[in-house]
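Asks: Have a look at the structure that comes next, please.
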Amino acid sequence: MKLAFERIEGVEPAQAIAFLHGILGQGSNLQTLARRFIGQHPTWTAWLVDLRGHGNSPKGTPGASLEAAARDIVALAANNALPLAAIAGHSFGGKVGLEVARLEEIPSLSDVVVIESTPGAREPLRGADSALGIIATLESLPDTFASITEFVTELERSGLSRQVAQWLAGSLERNGNRLRFGLDLNEIRTLLLDYFVRDLWPVVENPPRETRLQLVIGDRSDSYSPADRERAIRIAASNPKVTVDVLPAGHWVHMDNLEGLLRVMNVGPRSFLT
């Protein structure tokens, strides 16, 4: 699949880092993080990728899965001149990054930063503000809307916060003189359920080749159970290719603590940025 993506060029780019968004998002969600990163590291180019089923990438294609999304990144790397040396993924995008590492099909890939994405299988979260809950809310709405304001208002009436509603409005598309939510919700649900059932702890415990993994956890988030946090920290203590950083933040680390995220991505003898 040919993915849509935006480039943010460094002054003297020699390698690329792909930023992968979470479910129901798009590449621009990580734009501020990517721009700050490139401002500090001019030999890199950032790719703000729209994963399959999201943004301007193809939607409604058969065979939606975590592996399919990862193979899209493999194809993206193969069709670009700059070597893809790193991936930084948030939530769903973080686990896509782990799956890319597992495939071992990008020789230039040396580092994967997994932001707020537990590597293991778990029961799907189904609360009203969970991704599955948001999908259910979107399915309950009218097919089209007169304006962004109407869309946001409908979501707020359904119990979602204004911040989440405005974020989802980024996926609205023009349909004549009306607006429609542009994602295939069945495809998104399939991707999300596959995310929950896949167990990629073996990748963290034994990173392929010389790939280095960095797990970034928000201390106010419930993405990692206490047992998962302990497991991650234990692995990092015994494996020099794995690091774990717990930051004062919720799930949206790049919004709650951008400076802290940039700082931990920039330090340590095992960091790809040193």
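Asks: In region 80-139, which residue that is surrounded by fewer than 22 Cβ atoms within 10 Å (Cβ to Cβ) and hydroxyl-bearing (S, T, Y) is farthest from T45 (Cα to Cα)?
Replies: T137
Asks: Among what's in region 21-35 and is touching a residue at least 60 places away in the same chain (Cβ under 8 Å) and more than 14 Å from G93 (Cα to Cα), pick the residue that is most open to solvent (accessible area, probe 1.4 Å).
Replies: Filtering region 21-35 for residues that are touching a residue at least 60 places away in the same chain (Cβ under 8 Å) and more than 14 Å from G93 (Cα to Cα), the one most open to solvent (accessible area, probe 1.4 Å) comes out as T32.
Asks: Looking at I38 and the list (1) assigned to a helix (DSSP H, G or I); (2) within 27 Å of I135 (Cβ to Cβ); (3) open to solvent by 10 Å² or more (accessible area, probe 1.4 Å), which single condition is not satisfied?
Replies: (2)
Asks: For region 148-168, how many residues are open to solvent by 30 Å² or more (accessible area, probe 1.4 Å) and either among the basic types (K, R) or more than 19 Å from the chain's Cα centre (by Cα) (or both)?
Replies: The qualifying residues number 11.
Asks: Look at A77 and say whether it is over 25 Å from P13 (Cα atoms), open to solvent by 10 Å² or more (accessible area, probe 1.4 Å) and of a type outside the set (S, T, Y).
Replies: Values: over 25 Å from P13 (Cα atoms): no; open to solvent by 10 Å² or more (accessible area, probe 1.4 Å): yes; of a type outside the set (S, T, Y): yes.
The answer is no for A77.
Asks: Please enumerate the residues belonging to region 33-57 that are polar (S, T, N, Q) and farther than 11 Å from F19 by Cα.
Replies: Within region 33-57, Q40, T43, N56, S57 meet the criteria.
Asks: I would also like to ask the following. Which ones in region 257-274 are part of a helix (DSSP H, G or I) and either modelled with pLDDT under 95 or closer than 18 Å to I38 by Cβ (or both)? Steps first, answer last, please.
Replies: Filtering region 257-274 for residues part of a helix (DSSP H, G or I) gives 258-266.
Result: L258, E259, L261, L262, R263, V264, M265, N266.
Asks: Quick test of your reading of the structure: P62 fulfils all but one of (1) without any contact (Cβ under 8 Å) to a residue 24 or more places away in the chain; (2) touching a helix residue (DSSP H, G or I) at 6+ places or on another chain (Cβ under 7 Å); (3) of a type outside the set (K, R). Name the failing condition by number.
Replies: Among (1) without any contact (Cβ under 8 Å) to a residue 24 or more places away in the chain; (2) touching a helix residue (DSSP H, G or I) at 6+ places or on another chain (Cβ under 7 Å); (3) of a type outside the set (K, R), the lone unmet condition for P62 is (2).
Asks: Can you name every residue in region 41-57 that is touching a His at 6+ places or on another chain (Cβ under 9 Å) and open to solvent by 10 Å² or more (accessible area, probe 1.4 Å)? Let's see the steps before the verdict.
Replies: Initial filter on region 41-57 (touching a His at 6+ places or on another chain (Cβ under 9 Å)): 48-51, 54-55.
Result: D50, G55.
Asks: Follow-up question, since we're still on this one. Here is a check on your reading of the model: is L172 of a type outside the set (S, T, Y), open to solvent by less than 80 Å² (accessible area, probe 1.4 Å), over 20 Å from A88 (Cβ atoms) and in contact with a Leu (Cβ under 9 Å, 6 or more places away or on another chain)?
Replies: Answer is yes for this residue.
Asks: Looking only at region 169-185, filter to residues that are in contact (Cβ under 8 Å) with a residue 40 or more places away in the chain and more than 17 Å from the chain's Cα centre (by Cα); which one of those is farthest from G63 (Cα to Cα)?
Replies: F181
The values are calculated or read from the model by the stated rules, or taken from the named source; none is laboratory data. What you see is a predicted model, and the numbers here were worked out from it, not measured in a lab. No Cβ is skipped: glycine too gets one built from the backbone with ideal geometry, and neighbour counts run over all protein chains shown. Side chains are part of the model used for accessible areas, which takes the heavy atoms of the whole protein and leaves out ligands, DNA and RNA. Shrake-Rupley method; radii C 1.70, N 1.55, O 1.52, S 1.80 Å.
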